[in-house]
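Okay, so here's the structure we're looking at.
The values are calculated or read from the model by the stated rules, or taken from the named source; none is laboratory data. The model shown is predicted, which means the values in this text are computed figures rather than measured ones. A quick note on method: Cβ atoms are made from the backbone with ideal geometry, for glycine too, and the neighbour counts reach across all protein chains shown.
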Protein chains: 2
Amino acid sequence: MPNEIKETNTVKQVRHQPAKLDDVDRRILGILAQDSSRSYVDLGQELHLSAPAVHDRVKRLKRDGVIKATVAKIDGCKVGRTLLAFVLVNTKNVVSTKRLLSLGNLPEIEEMHTVAGDSGVLLKVRVRETEGLEDLLGKLQDIEGVDGTRSYIVLSTFVERGPDPGE
Amino acid sequence: MPNEIKETNTVKQVRHQPAKLDDVDRRILGILAQDSSRSYVDLGQELHLSAPAVHDRVKRLKRDGVIKATVAKIDGCKVGRTLLAFVLVNTKNVVSTKRLLSLGNLPEIEEMHTVAGDSGVLLKVRVRETEGLEDLLGKLQDIEGVDGTRSYIVLSTFVERGPDPGE
DNA sequence: CCTGAAACGCATAAGGA
DNA sequence: TCCTTATGCGTTTCAGG
C-alpha cells in the first residue's frame, strides 16, 4: 500500500534533537546525499578509514534516523510528468485543512506542507500537462472550506537536492 | 567540488522525450523511489523475474536517465536545520534573476526554480533557526534588482517524495 | 572507535532459449 | 527480453587493540 497517508508519513516540524555528528559523519552524509551507491571501501579511501569503520558510522546514521532512506531519484519528464508547479491553497480553518491533507496520496503530489501565513497549505505537484494541473486544481477547489489557490508554474529548475549536512 | 552551480545542474523545463516504459519498469521505479537498497534477487521475486533481468532493466533506466541518481535522504532536523521555508523572490528583470541564481550554491538552499507569474524565483530553504532565514533574506535583498520576498514558514510536512512513475 | 581477516551474499558478465 | 550459470567484489561479521 504505497502512497498512503499514515501517521508515520507526517513529519511534524518539531525541534528534533539534532544528532551528535562529527566532521567525518557530515562528510559521509554529504557524499551519500549525492550518491548512495559508493562502496564502503571507496568511501574509506577518501576518508582515510577502513570499510568496516565507514560501515559502522553509516549504520549508526541510519539507526538514528539521520539517513531516513536511500532512494532512486527519478526524472519527472522521463516518466511523463513534464509540468512542475507549486500551489498555495487557502483554507478557511483547520477542518478544511484536514480535508485537504487527505488528498496527499494523489500521485501528482510530491510535497504537502502546512505553512504559516494566510495560505494554509503549500503543494509541490508534478503533472503530465497543463490539463493535469487543471484537474488537480479542480479537485482542490471542490473541497469544502478551500477558499482559493495560487499556482506557480516552474520554468526551469536550477537546484534540487536534499538538506546539506553542513558545518 | 560539491554544490557548485554548473551547466549540468540546470534542468530546463523543456519537454524531454518521455522514455518508453512498460508496466514492469514503472513498478521497479516505484519501488526504488522508496528504497533503492532492495536487492535484485528481492525485486525479482516480487516481480516474478530473475535477478539479472531486473538488473538489465535498472541498468537501462539509469542509462536513459530515468533514474538520475541514487541518494541518501537526510533528516534536516537531525543535522541541525530545524526550519523549513519557501521563499518567493520578486526580481525586476532577467539580469537580476541571473544574479540571484548565482546564490544557488548556498547550503541553505535546497531548491531553486524560476517560475511564471509575477514572482521570478522560488526557493526551498532549510535553515538552522529563524535567524538563519533572516540572514538569507538579507543576502537576497542585497541583490540589485530584487524587489522583495515573501516567505512561507513550514509548520508540518505531510508528504515529501519524488516523482510518481504513475500509470 | 578503529583495524584486519574471513565468510557470505549479491552484483554482474557470459551465453543461450 | 528473459533465463541459468559462474565468478569476483562488496558487504558484513568477528576477534582484537
Note to self: Please determine whether any residue of the range B:101-119 is at pLDDT below 95, over 30 Å from B:T70 (Cβ atoms), within 22 Å of the chain's Cα centre (by Cα) and of a type outside the set (A, V, I, L, M).
What the structure shows: yes
Checklist line | One residue from A:A51, A:A85 being within 28 Å of A:L32 (Cα to Cα), small (G, A, S) and assigned by TED's automatic domain parsing to the domain that holds A:K20 | finding: A:A51
Note to self: Being farther than 28 Å from B:C77 by Cα, out of contact with any Ser or Thr (no Cβ under 6 Å at 6 or more places or on another chain) and loosely packed, with under 15 Cβ neighbours inside 10 Å is true for just one of A:K92, A:K98. Which residue is that?
What the structure shows: A:K92
Checklist line | Any hit, the range A:3-20, residues being at positive phi and modelled with pLDDT under 95 | finding: yes
Item checked: strands (runs of 3 or more DSSP E) lying entirely in the range B:28-136 (those with 3 or more residues that are in contact with a Lys or Arg (Cβ under 7 Å, 6 or more places away or on another chain) and within 12 Å of another protein chain (Cβ to nearest Cβ)) -> B:67-74, B:83-91
